[in-house]
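Asker: Here you go, one structure.
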Amino acid sequence: MKTNWVLTAASWLLGFLWVMPLLYALWAAIHPSEYATHLSLLAPWTGHNFAVAWAAAPFPRYLLNTFILVTLVLVAQFVLCTPAAYAFARMRFPGREVVFAIVLLQLMVMPDVLLVANYTSLAHLGLVDSILGIALPYLGSAFGIFLLRQTFRQVPQELDDAARLEGSGLLAIIWRVYVPLARPTYVAYGLVSVSYHWNNFLWPLIVTNSVSTRPLTVGLSVFASTDQGVDWSVISAATLMTSAPLLLAFLLFQRQFVQSFMRAGIR
Amino acid sequence: MRRETVHAWLLLTPALALLVAFTHWPAVATLWDSLSSTPRGARPAHWVGLANFAALMDDPVFFQALWNNFIYAIATIPVSVVLALAMALAVNRAIPGRAALRMAFFLPTMLPMIAIANIWLFFYTPDYGLLDQVLGALGFGRHNWLGDPALALPSLIAVAVWKEAGFFMIFYLAALQSLPPVLREAGALEGASDWYYLRRVTLPLLMPTTLFVLVNAVVNAFRLVDHVVVMTHGGPDNATNLLLYYIYETGFRFMDTATAAALTVVLLVILGALAGFQFGVLGRRVYYR
């Protein structure tokens, strides 16, 4: 059919436009500097830019910081949000709806917006320039509580009752009945959380001011803004390098990623 | 108190305490700070009433940031949502290279905004950047994309659209795939054209998704300013100063916490109004399923 060919061509054109900035950065990163702005089929390949970037800034340390940060956030969110979600999903207590509504407020007013007040709190706690300080505002997550509550509500009440009859305590019921059945939700929420905190920038920029705490995003901005003589090849290499672990994870778990975002989004 | 109540509160308290400490408490503290002066040296903050807000009324940069944010939102949101829908429709069909195409659309979403800003900074470089090279080859002159007040904000809008459209595409794709195929068959039996079917069947059924995506897009338009920090610092001449960036600048560069608090209150009021809209339009059904 004729129209279908037009649509297909248009789709491909859009797709090409979409990857072009990325391909351009990739081009600059894998060729010598003199070819960065000069597209030529004869340009030789090189890993030189990556080596220069890797050596010019403490990227291994930044990578470690980001890794600690996302792990800390993820584990704490799971541990904190699971019991809260269970309470909202399966327990009856006065004021439940009101408290839940208060929690949901955070979906609209995120800590990202309350920079100044949160920084003041961190200063009082003496946690400025620490990885825990970057993580702290995000640990009690309304999104996580909401997502898990929705999942827990779909667990058959009979399983809960059966475990109770066998004499299991509350925490044991949550751990043995609810957590295993909610595994897909944990995967989905985990991927969303990891990619969010891997990519987060403004808050870590404010909180950190030393190499031992800076995550990759802040490290990259420090690297690119200090005088590198604006060597775009090296900056492109550094940029791709810092995004690579997440991109690689995405390519490996593409299906789960896409499904997670769908699961997390359709609410 | 009943045992269940006690247990429920024990389960809730750790998460709730952190949540309140870093969302609700700072919101209240911000309101208080906005009504006080900035503490300087030995002089602690004192009550000044609405003076900080009165000062904002005389601050042309504040109005510029508000206006910029409005333009930014009003341009970014519809363009990225319409593109997201087009992308979802494109990769929902049996098209050659569908997986590659879907990845091309989705990849920018996975990158940190700061990495994206670097890539586009290079892309936008006057004369040497790919954009100027392509336009130069087509006979257009050089452009100072980020240095020209008329071009800077649209340039940032393009970056935001590039990052967000693929993200929203995912939600449309999920919704499209959950539409019963029977509908398409019925449409075909009735002789409905593709365009007619899209307009009269698909789009109305996608309305809940569109509302969800819209709310997300609106929040992001006020929340994400990483690219401003890297690409323009709000310049040239405040042409790309957005509200949250102005808060960041006021609070952490100029150390004027009182004004930053007043600005934050303005942002909170905007977000609150949007939340009200969300609860009103989307209704309880979406949140309390």
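Here, each number is a calculation from the coordinates, and none is a lab measurement. The structure displayed is predicted, hence computed values, not measured ones. Ideal geometry is used to build each Cβ from the backbone, glycine not excepted, and the neighbour counts take in all protein chains shown.
Asker: Mind checking B:95-105 for the average number of partner chain beta-carbons within 10 Å of each residue's beta-carbon? It would help to have the intermediate numbers written out before the result.
Answerer: Working: counts 6, 3, 4, 1, 1, 3, 8, 3, 7, 11, 5.
The mean count of partner-chain Cβ atoms within 10 Å per residue comes to 5.
Asker: Taking springs between alpha-carbon atoms closer than 10 angstrom, which of B:P181, B:P112, B:P126 fluctuates most in the Gaussian network model of chain B?
Answerer: Comparing B:P181, B:P112, B:P126 in the GNM, the peak value goes to B:P181.
Asker: Continuing with the same structure: So who's got an amide H within less than 5 Å of the one on B:S36, skipping anything under 5 residues away but keeping other chains? H placed 1.01 Å off N, in plane.
Answerer: B:V48
Asker: Here's a follow-up. Report the Cα-based extents of segment B:178-289 along its three principal axes, largest first, to the nearest Å.
Answerer: Principal axes ranked by extent give 67, 34, 17 Å for the Cα atoms.
Asker: Over the alpha-carbon set of segment B:1-123, work out the extent along each principal axis and list the three values in angstrom, largest first.
Answerer: Largest to smallest, the principal-axis extents are 67, 57, 25 Å.
Asker: Could you work out, residue by residue across A:82-91, how many beta carbons of other chains sit within 10 Å of that residue's beta carbon, and then give the average as an integer? Could you put the intermediate results ahead of the total?
Answerer: Values: counts 2, 8, 8, 3, 4, 10, 3, 0, 2, 7.
Mean shielding by partner chains, rounded to a whole number: 5.
Asker: Moving on to the next point. Express in % the proportion of alpha carbon pairs of the protein assembly as shown at distances exceeding 32 Å. Intermediate values should be presented prior to the final figure.
Answerer: On the way: 76259 of 154290 pairs.
I get 49 percent for the Cα pairs in the protein assembly as shown exceeding 32 Å.
Asker: Where the only charges are on Cβ atoms (+1 Lys, Arg; -1 Asp, Glu), what is the dipole of the protein assembly as shown about its Cα centre, to the nearest 20 debye? Provide the component values of the computation, followed by the final result.
Answerer: Values: 31 positive and 25 negative charges, 374 e Å.
Value, rounded to 20: 1800 debye.
Asker: Go through segment B:137-237 and name the trypsin sites (Lys or Arg not before Pro) that are in a DSSP coil and have 14 or fewer other Cβ atoms within 10 Å of their Cβ.
Answerer: Working: sites: B:R142, B:K163, B:R184, B:R199, B:R200, B:R223; in loops: B:R142.
Taking segment B:137-237 and a limit of 14 other Cβ atoms within 10 Å, the loop trypsin sites (Lys or Arg not before Pro) found are B:R142.
Asker: Please work out whether segment A:52-265 counts as rounded, prolate or oblate from its C-alpha gyration tensor, where a ≥ b ≥ c are the square roots of the eigenvalues and a/c under 1.5 means rounded, while otherwise a/b larger than b/c means prolate and anything else oblate?
Answerer: On the way: a/c = 2.74, a/b = 1.86, b/c = 1.47.
Since a/c reaches 1.5 and a/b is larger than b/c, the shape of segment A:52-265 is classed as prolate.
Asker: Sticking with this structure for a sec: Restricting the calculation to Cα positions, tell me the Rg (one decimal) and the Dmax (whole number) of segment A:10-94 in Å.
Answerer: Looking at segment A:10-94, its Cα Rg and Dmax stand at 23.2, 73 Å.
Asker: Also: Take chain A, connect every pair of alpha-carbon atoms lying under 10 Å apart with a spring to form a Gaussian network, then pick out the residue of A:L63, A:L202, A:L13 with the largest mean-square fluctuation.
Answerer: Comparing A:L63, A:L202, A:L13 in the GNM, the peak value goes to A:L13.
Asker: Quick check: the distance between the Cα centres of segment B:28-103 and segment A:66-126, to the nearest angstrom?
Answerer: 22 Å
Asker: What order do you get for B:Y128, A:Y24, B:Y196 when you list them from fewest to most C-beta neighbours inside 10 Å? Before the final figure, lay out the partial values.
Answerer: Working: B:Y128 15, A:Y24 23, B:Y196 12.
The order, fewest Cβ neighbours first, is B:Y196, B:Y128, A:Y24.
Asker: Follow-up. Can you list, largest first and rounded to whole Å, the semi-axes you get for chain B by taking the square root of 5 times each eigenvalue of its Cα gyration tensor? Mind showing how you got there, number by number?
Answerer: Values: eigenvalues 302, 199, 54 Å².
Equivalent ellipsoid semi-axes, largest first: 39, 32, 16 Å.
Asker: Around A:A28, what is the net charge, scoring Lys/Arg as +1 and Asp/Glu as -1 over all other residues with Cβ under 13 Å from its Cβ? Don't skip to the answer; put the middle values down first.
Answerer: Numbers: positive: none; negative: A:E34, A:D231.
That sum, taken over residues with Cβ under 13 Å, equals -2.
Asker: Would you work out which of A:I173, A:A57, A:L104 lies farthest towards the positive end of the dipole of segment A:52-265, given +1 charges on the beta-carbon of Lys and Arg and -1 on that of Asp and Glu, about the Cα centre?
Answerer: A:I173
Asker: Okay, next question. With viscosity set to 0.890 mPa s at 25 °C, what whole-number translational diffusion coefficient in µm²/s follows for segment A:172-242 from Stokes-Einstein and a Kirkwood radius over Cα pairs? Mind showing how you got there, number by number?
Answerer: On the way: Rh = 14.9 Å.
Taking Rh from Cα pairs, D becomes 165 µm²/s.
Asker: Give me P(r) over segment A:92-176, computed from all C-alpha to C-alpha distances, binned every 5 Å, as integer percentages.
Answerer: Per 5 Å bin, starting at zero, the Cα-Cα P(r) for segment A:92-176 comes out as 3, 11, 15, 16, 15, 13, 11, 8, 5, 3, 0 percent.
Asker: For chain A, with the dipole built from +1 on Lys and Arg beta-carbon atoms and -1 on Asp and Glu ones, taken about the Cα centre, which of A:T208, A:M91, A:T120 lies farthest toward the positive end?
Answerer: With unit charges placed on the Cβ atoms, the residue in question is A:M91.
Asker: I would also like to ask the following. Return the single residue from B:G41, B:G129, B:G235 with maximal mean-square fluctuation; model: Gaussian network over chain B, springs between Cα atoms under 10 Å.
Answerer: Greatest mean-square fluctuation among the candidates belongs to B:G41.
Asker: Under the Karplus relation 6.51 cos²θ - 1.76 cosθ + 1.60, θ = phi - 60°, what is the ordered set of whole-Hz ³J(HN,Hα) values for segment A:18-35, x standing for Gly and Pro?
Answerer: These are the phi-based 3J(HN,Hα) values: 5, 8, 4, x, 5, 4, 5, 5, 5, 4, 5, 6, 9, 10, x, 3, 5, 9 Hz.
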